[in-house]
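A.B. asks: Sharing a structure here in structure tokens format.
The values are calculated or read from the model by the stated rules, or taken from the named source; none is laboratory data. All of these numbers come straight from a predicted model, not from anything done at the bench. Glycine also receives a Cβ, built like all others from the backbone with ideal geometry; neighbour counts cover every protein chain displayed. Please note that ligands, DNA and RNA were not included when accessible areas were found on the heavy atoms of the full protein model with its side chains. Shrake-Rupley method; radii C 1.70, N 1.55, O 1.52, S 1.80 Å.
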Amino acid sequence: PRNAPPGRHPPPPNDARPPPPRPPSTLPRVPLASSHFDENHLPSVLHRPNPMTPEAERQARRRTCRFIEEAGQRSLRLPRVAVATATVFFHRFYVKHAFQEHDRFEVAMACLLLAGKTEESPKKLDFIVRECWKLRRRAQQQQQKLMNQGGTSPGMGGASPTAPMPSPSAGDNLQIDPKSEEYVRLKERVLLLERVILHTIGFELSIDHPYKFLVDAVQNMNKKRSIEGKDGQPLLKNPQMVQELAQNAMNFANDSMHTTLCLQYTANEIAMTCVYLSGKYSGIRPVGGKPWIELLGGISVEDLTTISIQILELVQPKKGMDSEMAFKMIRKDLEEMAREGAAAPDAKRQKTN
């Protein structure tokens, strides 16, 4: 059957369907080592004859991740972990394929379809196609209205590099006709892309996310009384601040899904960074003036800094002026940890000599 679970091999497409794109012969397991990830060598950037700039590739990922999040949580009512899994599938797919070759919104639909099955929250293909089509059409209408008013900023429903929908008019219906050729073609394409995604990710469907790791870290820090509030009191006496620490870390983890961090670092490293960012943002600190790095499960200062900067670059513009001071303090703290980390080996060598 078309909606067979991922463990079974779906039947080959019939002759009426377009031939599937050629899957890659090999694929490194994700997360990739950060030293091997270079956005200047991604397929969309190297594509000929119309390459994308790294910035344009990054923006295409972020806009489509917003689409996946909006469609997955609000339209399809998928669990948070299923939406995160769909986002990781999407990032992994475009490590091996170019945006110019596949409509990113169709790929997003296929990722949501596959992630629903993987995380035991399956949704019917018809439902996914209808809801995603409606969401994209609504976003295009809003974008068209903005452009008519003189705006230029592309939104979540911006044009795809491959097969964009026609610009909607004000009277367009948000519902797609289930009897139309477009609807049939879209369903077939999403099913086809689901198979291509499976081949691209090497049928690796087990995905670790930062959420469990960060919750465990916050609970352990609290039980060991290794963190305290601004007033110097252990958080055991203030469960509201513990909840705030965990929630802000969750929010940073959600934001990280819009970047390629899941291709560069492990879920645990991202989780520890989100706990650190949350602590600094919430005014929570380690007991006894210890540096945060000692509480974060062995992550290096270099990785902590790199992950933090990538998340801050994404979230700082949308957090507004109220958070500007907090983010400046985080950057200052990271710089100090980096300097101390660089000075430590030199001091150790001098002591040895």
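A.B. asks: Of all alpha-carbon pairs in the stretch 203-300, indicate the percentage at a distance above 22 angstrom. Kindly include the intermediate steps, with their values, before the conclusion.
C.D. replies: Details: 1205 of 4753 pairs.
Tail of the P(r) past 22 Å holds 25 percent of the pairs.
A.B. asks: Given a Förster distance of 25 angstrom, what is the FRET efficiency for Glu181 paired with Leu205, based on the Cβ-Cβ distance and rounded to 0.05?
C.D. replies: 0.20
A.B. asks: Now a separate question. For the stretch 132-142, just list the computed ³J(HN,Hα) in residue order, Karplus coefficients 6.51, -1.76 and 1.60, θ = phi - 60°, integers in Hz, with x standing in for Gly and Pro.
C.D. replies: Computed from phi, the couplings for the stretch 132-142 are 5, 5, 5, 5, 5, 5, 5, 5, 5, 5, 5 Hz.
A.B. asks: Now for a different question. Can you compute the modelled spin-label distance between Leu46 and Gln100, with each label point 7 Å from Cα toward Cβ, in nm?
C.D. replies: With each label placed 7 Å out from Cα toward Cβ, I get 1.3 nm.
A.B. asks: Measure up Lys237/Lys280; Lys230/Lys280; Lys96/Lys123; Lys96/Lys212 against 21 Å on the Cα-Cα distance and list the ones that go over.
C.D. replies: Flagged as over cut-off: Lys96/Lys123; Lys96/Lys212.
A.B. asks: Something else: Do any chymotrypsin sites (Phe, Trp or Tyr not before Pro) in the stretch 179-228 lie in a DSSP loop with no more than 16 other beta carbon atoms within 10 Å, and if so, which?
C.D. replies: Filter output for the stretch 179-228: Phe203.
A.B. asks: If the stretch 221-278 were replaced by its equivalent ellipsoid, with semi-axes equal to the square roots of 5 times the Cα gyration tensor eigenvalues, what would those be, largest first, whole Å?
C.D. replies: 26, 11, 8
A.B. asks: 5 Å is the cut-off here: which amide hydrogens, built 1.01 Å from N in the peptide plane, fall below it relative to Ile227, excluding neighbours closer than 5 in sequence?
C.D. replies: Leu235, Val287
A.B. asks: Follow-up. Given a 1.4 angstrom probe, what's the average accessible area per residue across the stretch 225-305, in square angstrom?
C.D. replies: About 41 Å² of surface per residue is accessible.
A.B. asks: Let me ask you something else. Can you check what the net charge comes to around Met337, using other residues whose Cβ is under 14 Å from the Cβ of Met337 (Lys, Arg +1; Asp, Glu -1)? Don't skip to the end; give the middle numbers.
C.D. replies: Details: positive: Lys280, Arg285, Lys290, Arg331, Lys332, Arg339; negative: Glu294, Glu302, Asp303, Asp333, Glu335, Glu336, Glu340.
Result for the local shell: -1.
A.B. asks: Just name one of Leu135, Ala115, Gln100: the one whose Cα is farthest towards the positive end of the charge dipole of the stretch 95-143 (beta-carbon charges, Lys/Arg +1, Asp/Glu -1).
C.D. replies: Leu135
A.B. asks: Using a simple spin-label model with points 7 Å from Cα along the Cα→Cβ vector, what separation in nm is obtained for Gln144 and Ser300?
C.D. replies: 5.2 nm
A.B. asks: What ranking of Met241, Met272 comes out by heavy-atom accessible area, probe 1.4 Å, highest first?
C.D. replies: Per-residue accessible area, sorted high to low, gives Met241, Met272.
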